[in-house]
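Read through the structure below, which is laid out as C-alpha cells, and then see the notes.
Read-outs throughout are calculated quantities, based only on the coordinates presented, and are distinct from any laboratory measurement. As the structure is a prediction and not an experimental result, all values here were calculated from the model. Heads up, the Cβs are rebuilt from the backbone with ideal geometry, glycines too, and the neighbour counts pull from every protein chain shown.
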Amino acid sequence: MNKDGSGVINEILPRKNHISRKVPRIKGAGTRGERLEQIIASNVDNLIIVSSCRSPKFNNRLIDRLIVCAESSHINPIIVLNKTDLDPHLHYEEFVKLYSSIGYKIIATSTVTKRGIDELKNSLSRKVNLIWGQSGVGKSSLLNEIFPSLNLKIGMISDSTSKGKHTTVTSLLLKFGNDTSVIDTPGIREIDPYGIREEDLGHYFKEFVPFINECKFNTCTHDHEPGCAVIKAVEEKLISAERYQSYLNLRATIEDDMNF
Ligand SMILES: Nc1nc2c(ncn2[C@@H]2O[C@H](COP(=O)(O)OP(=O)(O)O)[C@@H](O)[C@H]2O)c(=O)[nH]1
Ligand SMILES: [Mg+2]
Ligand SMILES: [Zn+2]
C-alpha cells in the first residue's frame, strides 16, 4: 500500500484450472435456450464428491456426473461414501470395489462410527478441496469431525426461496493453517458439466479409454455402432454396466443441449 492509499498489484496468480457448470434452467421456462457457463471455483486440487449409503439414497449416476466434471476440469476426484453405519449389510462395498478398480480414491466414512475420518482428513491436507454433495449427505458433519473448531450448522435446510430463480453461487472458503482449504458450496444443488463435447465424453470415463482406441470407427459414440470395443467390453464385464449406463445418460443430456 502506498502513502496515498493506492495499492499495487504485485502478482496475479495464474488460473491453473476452473470448475464450472451450466447455469441452471429457470423453472417453468421450458427446456429450450442456450445455457451459459457459471464458474464455481478456480485452482482446485481435489473435487470431494460426497455421497451417502442411505438418506438420501445412494446415487452413483450423480457420482459419475461429478467425476466427468472433475476429469474435464483437470481436477482430482475423491469419492466419499458417508453414513456407512446405515448399511449394515455392506451393500456399498460393491461401489468401493468398482471405483477403486478404476483407480479412484473412495473413502467409506461415518460420523457415527468415525470410520474413515482420518483418511479423509489426510486426503484434504495441503490441498485446495472443493466439496460437493447433495443436501443431507453429511458434508457439514464430516467437516466438523475433521475440523472441530468449525462448528458448522448441521441439518441446515437449504434456502427454499432461491428455488427456481437464478441462484447466486455462494461458496464458502474455509482455511486451515497455511495450506489446506475447503470450499463448501451450500448454494449449489446441481452441477451440470459445462462445455463437454460429445466426442470427448468417453475420455472422461477413464477406464473406457483403452477400449475407445479399439473401436472400428473413430467417430464411434459407443452407443450402437458395429465394432464398438466399449460395448464389447461391457458385455464381457470388463467395463461396469453401471458406468456405461451413466455414460449413456450423460450423452443424452449433452445431445439435448446441442439440439435446442
Ligand atoms: N447415520 C448417520 N447420519 C449422519 C452421518 N453424517 C451426517 N449424518 C446426519 O445427516 C443429516 C445431514 O447432515 P449435514 O452434515 O447437515 O449434511 P449436509 O447437508 O451434506 O451438510 C444430519 O441429521 C446428520 O446428523 C453419518 O455418518 N451417519
Ligand atoms: Mg451442510
Ligand atoms: Zn465405440
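Points worth noting:
- Length released on extending from S149 to H18, taking residue separation times 0.36 nm less the Cα-Cα span: 44.3 nm
- Estimated FRET transfer efficiency (L174, R197; beta-carbon r; R0 30 Å; 0.05): 0.30
- Distance between the pseudo-spin-label points of K105 and N59 (7 Å out from Cα toward the beta carbon): 2.5 nm.
- Applying 0.36 nm per residue to the separation of E214 and L98 and subtracting their alpha-carbon distance, the gain on full extension is 39.5 nm.
- Separation of alpha-carbon centers, region 114-135 and region 38-66, rounded to whole Å: 12
- For the pair A252 and V8, the difference between a 0.36 nm per residue extended length and the Cα-Cα distance amounts to 82.9 nm.
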